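Here is the structure we will look at, set down as structure tokens.
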Amino acid sequence: MLDAALFLTVMGMFALGLKRPFVWVLAYLYIDILAPQKIGWTLTPLLPISLIAFLLAFAGWAVADPKSESRFTLRQGILLALLVYCFMTLQWADFPENAQDKWDWVWKALVFAIFLPLTLFTRLRIEAAALVLVLTAGAIVISTGMKTALGGGGYDSLYFFVNDNSNIYESSTLATVAIALIPIILWSARHGTIFPPDWRVRTFAGLLIFACLLVPIGTEARTGLLCIAVLGVMMLRDVKNRIMYLLAAGALGVMALPFIPASYYERMATLGSVQSDQSASTRVQVWMWTLDYAAENPLGGGFDAYRANEFTYDLPVTRDEGGALVTEIKEVTDESRAYHSSFFEMLGEQGWPGLILWVSLHVLGLVQMESIRRKWRNRESPAEQWQGPLASALQFSNIIYLVGATFQGIAYQPVFLMLIGLQIALATYCRKRESAKAEAERKALREARRAAASAEPAMP
Amino acid sequence: MIDYFALALTHALIMIALLRVLMRDELDREDPLSDDVPGAEPQAGREARRNRRNHRRDSDA
């Protein structure tokens with residue numbers, strides 16, 4: 001039943017694309033985020049739907065879209081350079097087989113991020129892409145949020161639609177994605193034209209945001225908590241009534257308390273004590289190891305280069321012995337510890353060139369969104385009200401991603417690359433509108449001058 | 001059960017969104033100089049009536 005429904009949804013999207021090929025781009029966003037082929041068991045895995053959507057999206061753009069509308073920007077150039085560089089490091093990778101596995105999905109995510117902005121040249125397309133992204137990730141967020149609310153949360157005990165830690169079906173990644181989506185949800189609820197703002201949209205958006213906030217609690221992802229805090233502080237910038245906002249945030253926090261599983265407090269308590277937590281202490285060790293590794297291999301060791309690491313250290317282990325807690329120092333050896341940080345992931349795998357490309361991609365995005373936000377803030381035309389807030393939302397999402405990425409290896413996370421694609425599309429859209437306006441003004445001025453010149457001889 | 005609910009709700013919304021998007025011309029074309037909000041629906045119900053009334057009063061004055 002579920003399998004058939006998912007299969008029909010995908011086929012329906014492919015069919016709708018025959019009328020408007022842009023739907024295939026949306027279909028790819030949907031398939032890449034939700035992975036319906038992994039949820040279904042017979043019908044959906046039958047066809048390589050992800051590949052089909054990928055090819056259809058390209059074909060649709062190549063055949064139907066006006067190429068004069070598409071621009072190739074600096075940030076797409078950076079993405080392309082990163083793609084080429086990743087391919088180069090793949091050739092000298094320390095672990096060629098593992099590197100090949102990672103490359104198989106990374107190249108697709110990067111190519112799609114370069115391609116996406118080319119297709120998003122109207123407001124409606126930008127909005128539709130943002131909406132499909134939010135709703136698709138929303139499916140995972142709503143189910144996780146509801147399970148948390150009904151008491152099914154907990155690290156390692158929460159079940160998603162797909163349980164292979166792939167893509168955003170990994171608890172910490174999902175927590176970061178969920179929080180990063182909040183600004184986009186708010187924007188869609190305020191400036192949407194597909195679902196124009198009314199009480200239904202506001203209610204849905206409110207509940208979806210609440211579900212997003214429950215995800216870090218349900219998955220017990222410590223980074224998620226940090227992301228919530230950062231988002232909370234950042235939103236102070238744009239809210240009109242700060243006191244109301246602080247009160248509402250406090251109320252929301254109190255409302256969330258009953259849903260928190262008991263194990264959550266134990267896990268969060270380890271935030272402060274790096275020493276006795278294996279995950280946190282190896283993290284620092286891996287980072288140190290990566291710095292040494294990059295000193296020896298400044299051009300990077302290819303995907304999954306972390307597999308070479310090995311650490312031995314003493315860890316205090318507490319156990320219960322006849323009612324008394326005994327703490328012992330034990331020697332623990334860890335091998336192949338993942339980077340636990342996208343910055344170090346880039347440094348270890350792609351070396352300094354990769355890290356510089358990746359950081360500049362994000363820093364340029366933040367700067368670009370800030371400049372759009374400022375420029376479009378005081379526009380009066382009704383058609384120029386949504387650009388500034390969207391820039392602001394995408395900027396917040398990007399910052400939340402960078403906070404999450406500091407503690408997780410999610411440098412090539414497809415959802416965030418899609419958000420980068422949206423940023424590029426918005427910047428291109430704004431630039432195009434401004435240049436069209438400037439051109440129209442110049443033309444009007446020229447015509448006024450010409451009219452004045454031709455009118456002059458008639459004057460007595 | 002929760003999974004089915006979450007999937008059904010979001011899929012219904014995605015399909016409605018796709019159908020709405022499909023109907024609109026400004027999906028593929030947009031006048032970069034237009035000041036109109038594309039696809040903005042006329043104000044509904046009470047608000048529209050109030051606006052119309054106010055407008056009439058203004059023009060009567």
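The values are calculated or read from the model by the stated rules, or taken from the named source; none is laboratory data. In this text the structure is predicted, and so the values were computed from the model without any measurement. Quick reminder, even Gly has a Cβ in these numbers, built from the backbone with ideal geometry, and neighbours come from all protein chains shown.
Does A:VAL106 qualify as being in a helix (DSSP H, G or I), more than 11 Å from chain B (Cβ to nearest Cβ) and hydrophobic (A, V, I, L, M, F, W, C)? Here the answer is yes, as A:VAL106 does meet what is asked.
Given the criterion of a type outside the set (Gly, Ala, Ser), closer than 14 Å to A:LEU225 by Cα and either part of a helix (DSSP H, G or I) or modelled with pLDDT of 95 or more (or both), identify the matching residue among A:LEU186, A:LEU207, A:LEU181, A:LEU214.
Values: A:LEU186 fails: closer than 14 Å to A:LEU225 by Cα; A:LEU207 fails: closer than 14 Å to A:LEU225 by Cα; A:LEU181 fails: closer than 14 Å to A:LEU225 by Cα.
Selected residue: A:LEU214, the only one of A:LEU186, A:LEU207, A:LEU181, A:LEU214 that is of a type outside the set (Gly, Ala, Ser), closer than 14 Å to A:LEU225 by Cα and either part of a helix (DSSP H, G or I) or modelled with pLDDT of 95 or more (or both).
Can you tell me which residue within the stretch A:2-19, out of those that are within 9 Å of chain B (Cβ to nearest Cβ) and surrounded by fewer than 20 Cβ atoms within 10 Å (Cβ to Cβ), is farthest from the chain's Cα centre (by Cα)?
Filtering the stretch A:2-19 down to residues within 9 Å of chain B (Cβ to nearest Cβ) leaves A:2, A:5-6, A:9, A:12-13, A:16, A:19.
Subset that is surrounded by fewer than 20 Cβ atoms within 10 Å (Cβ to Cβ): A:2, A:5, A:12, A:19.
Details: A:LEU2: 27, A:ALA5: 27, A:GLY12: 26, A:LYS19: 29 Å.
Residue satisfying both the conditions and the ranking: A:LYS19.
Within the stretch A:35-78, take every residue that is part of a helix (DSSP H, G or I) and of a type in the set (Lys, Arg) and give me the one that is surrounded by the most Cβ atoms within 10 Å (Cβ to Cβ). Per the stated criteria, the residue is A:ARG75.
The selection criterion, being more than 19 Å from the chain's Cα centre (by Cα) and either away from chain B (no Cβ under 14 Å) or not in a helix (DSSP H, G or I) (or both), holds for A:PRO197. In the stretch A:79-86 there is at least one residue that is in contact with an Asp or Glu (Cβ under 9 Å, 6 or more places away or on another chain) and either within 14 Å of another protein chain (Cβ to nearest Cβ) or surrounded by 17 or more Cβ atoms within 10 Å (Cβ to Cβ) (or both). Among the conditions (1) away from chain B (no Cβ under 14 Å); (2) of a type in the set (Ser, Thr, Tyr); (3) under 20 Å from B:TYR4 (Cβ atoms), A:THR144 misses just one, which is (1). Answer yes or no: is there a residue in the stretch A:322-333 that is in a loop (DSSP other than H, G, I, E, B), modelled with pLDDT under 90 and at positive phi. Within the stretch A:322-333, one or more residues are in a loop (DSSP other than H, G, I, E, B), modelled with pLDDT under 90 and at positive phi.
Identify, from the list A:ARG337, A:ARG319, the residue that is basic (Lys, Arg) and under 34 Å from the mean Cα position of the chain (by Cα). Explain how you work it out, then say what you get.
Values: A:ARG319 fails: under 34 Å from the mean Cα position of the chain (by Cα).
That would be A:ARG337, the only listed residue that is basic (Lys, Arg) and under 34 Å from the mean Cα position of the chain (by Cα).
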